[in-house]
Amino acid sequence: MRLTIEEQEMLDGKQGPGVQKAMELLVALGETFGAERMIEITRAHVALSGQEGDTYFCELLVRGGAKCKIAPSTNPSWDLNLTKYYAVTDKELELNRKTIDAYKKIGAILNFSCIPELKDNVPTFGEHVAFSESSATPYVNSVLGARTNRESSPSALAAAVIGKTPEYGFHLDENRKGTVLVNVEANLKDEFDWGIMGFYVGKYVGSEIPVFNIKNLNKYHLPEKMLYMGAELNTSGAVAMYHIVGVTPEATTLEKAFRNNKPKFEINVTDKHIKQTQEEISEKSGKINLVMLGCPHYTLDQIKDVAKLLEGKKVHQDVAFWILTSFATIELAKRSGYLETIERAGAHLVPDTCIDEPCWKSFEGGLGITDSPKCAYYRERRGQSFIIRRLEDCVEAAIKGEI
Ligand code: F3S
């Protein structure tokens, strides 16, 4: 890579060992992927997961005197309030405290949201950014038309510290064209169907760039739909970018999405594929102990839908019902009266947290229900199986205690 004098000095340690470590990581990445130079970024998002490796790296940079040039937003950690309800060990608590402390010291914005691209940290068309969080990166590239690679927590943090990232991958025009055509004939009712479609397509496309040509496009809840699809494309596959013809900015026509190239292959999505995929990835039925919504974090619109479905109802006594979202959305839900309706029914909104955090282990061994295949995938690794159904069915199961 060709480095500027200042970049070379950073790499040589002249701005301290923290900056040097961040620069070493970025240069190693750039050299691995054939970048010729570094480019400036305007935003970053770090998927701080509270896992030991990520926290170790952040602490290492902090000890070396590093501070972020671009203050990154941060993914969920976990809400200490939850410890009132569910057991966490001292070790887990300590790691959570260390993580928050390290990210505060390095200059991150502690918004703890996995959908920053919708509200807290929204790039515009053509901005070069460094976003981690697998459900956020496809939205940033595809829907907003900004440019990011699928960053890891350490690489996004290093870019935030330096204010630059190596120029490769999705920062370059030639790597943003569609490569696979997806003909969608299915009637996609809501974000749940879009999520299932994402899971189905992700299995076949791997890290290709799918171009969705959707016959019956219903634009209600479109941001949530695209969010769900991106999350699931990255649960069964590794998709940093997609196009939707007539919707996403680099795909005003089919030809523009492919930049006049031919697709490598085509996939058809029908109602039958959606149904089959949902049945394949979901547990069948049974008594449930948990309803978990908000992976990715629920928006206010989605919370409004839950409140409507729970109005005048009562969640079964053997079922815990949690909806994950951001603290700001909870405040809006409170002002708008949705929170009261939801709590009266016995369900809860929780800020700042993720389904993949230790505080949920109290439910392991039981059967849960969720509208998110991503939630089911992560929780199954921790020993809890999930039925995957659309929101209306999740709420009905919560009331009956079974499905
Ligand atoms: Fe968000 Fe955690 Fe799901 S970061 S997308 S709630 S796995």
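Descriptive notes on the structure:
- Judged by a Cβ-Cβ distance under 4.7 Å, the unpaired cysteines of the chain are 58, 68, 114, 354, 359, 394.
- With 26 Å as the limit on Cα-Cα distance, the pairs of 272/314; 177/203; 177/272; 21/177; 21/105 that go past it are 272/314; 177/272; 21/177.
- Eligible aspartates and glutamates near residue 219 by straight Cα distance, threshold 20 Å, same-chain separation 8 or greater: 117, 185, 190, 191, 193, 232, 250, 271, 301, 305, 371, 392
- With the largest listed first and rounded to whole Å, the semi-axes of the equivalent ellipsoid of segment 282-400 from the Cα gyration tensor are 22, 16, 12.
- Longest to shortest principal axis, alpha-carbon extents of segment 5-173, angstrom: 51, 39, 23
- Segment 150-247: trypsin sites (Lys or Arg not before Pro) in DSSP loop, at most 10 other beta carbons within 10 Å: 219
- Rolling a 1.4 angstrom probe over segment 305-354 with all protein chains present gives an accessible area of which 50% lies on carbon and sulfur atoms.
- Counted over the chain, the DSSP beta bridges are approximately 10% antiparallel.
- Over 25 Å (Cα to Cα) - which of 119/361; 98/334; 119/334; 67/334 fall in this group: 119/361; 98/334; 67/334
- Assigned charges on the beta-carbon of Lys, Arg, Asp, Glu; segment 282-400 dipole about Cα centre (debye): 200 debye
- Spherically averaged projected area in nm², based on the convex hull that wraps the Cα atoms of segment 177-279: 5.5 nm²
- This model, with +1 at the C-beta of Lys and Arg and -1 at the C-beta of Asp and Glu, gives the chain a dipole about its Cα centre of some 280 debye.
- Label point at residue 327 placed 7 Å out along Cα→Cβ; residues across segment 59-80 whose backbone nitrogen lies under 15 Å: 73-80
- Ordering 172, 159, 261 by the projection of their Cα atoms onto the charge dipole of the chain, which places +1 on the Cβ of Lys and Arg and -1 on the Cβ of Asp and Glu, puts 261 at the extreme positive end.
The values are calculated or read from the model by the stated rules, or taken from the named source; none is laboratory data. Computed from a predicted structure; not experimentally measured. Every residue, glycine among them, receives a Cβ derived from its backbone with ideal geometry; neighbour counts consider all protein chains shown. What goes into the accessible areas is simple: the full protein's heavy atoms, side chains included, and nothing from ligands, DNA or RNA. Shrake-Rupley method; radii C 1.70, N 1.55, O 1.52, S 1.80 Å.
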